[in-house]
1. Just want to confirm a number: the relative contact order over the chain, from Cα pairs under 8 angstrom separated by 6+ residues, in percent.
2. Which percent of Cα-Cα pairs in the chain sits in each 10 Å bin, short to long?
3. Taking springs between alpha-carbon atoms closer than 10 angstrom, which of ARG16, ARG38, ARG26 fluctuates most in the Gaussian network model of the chain?
4. Under a GNM of the chain (C-alpha, springs under 10 Å), which listed residue has the highest mean-square fluctuation: VAL43, VAL30, VAL18?
Amino acid sequence: MLEYAGGQRPDILEGRFVIDTQHGGRPWEVIVEPDDMRQLLVVITAYPVDEAS
C-alpha cells in the first residue's frame, strides 16, 4: 500500500504524518510516525477515505 503513496502532509499530532495512498482501487490514509532511534517508519493506523465527504 505505501509503495504507491501519492502524497503526504503533517498530521494533527506533531511528529506524525498522513500518507495518501490507494488500496483496492479506493483512496486510503495511513498515519505514520518516524522512529529515529530504530530508523523505522511506524504505521499507527490506516483507514479508507469516504469520498463523499
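1. Relative contact order here is 25 percent.
2. That works out to 25, 54, 19, 3, in percent per bin.
3. In the Gaussian network model the winner is ARG38.
4. VAL43
Every number in this text was worked out from the coordinates using simple rules, so none of it is lab data. Note that the coordinates shown come from a computational prediction; the quantities given were computed from them, not determined experimentally.
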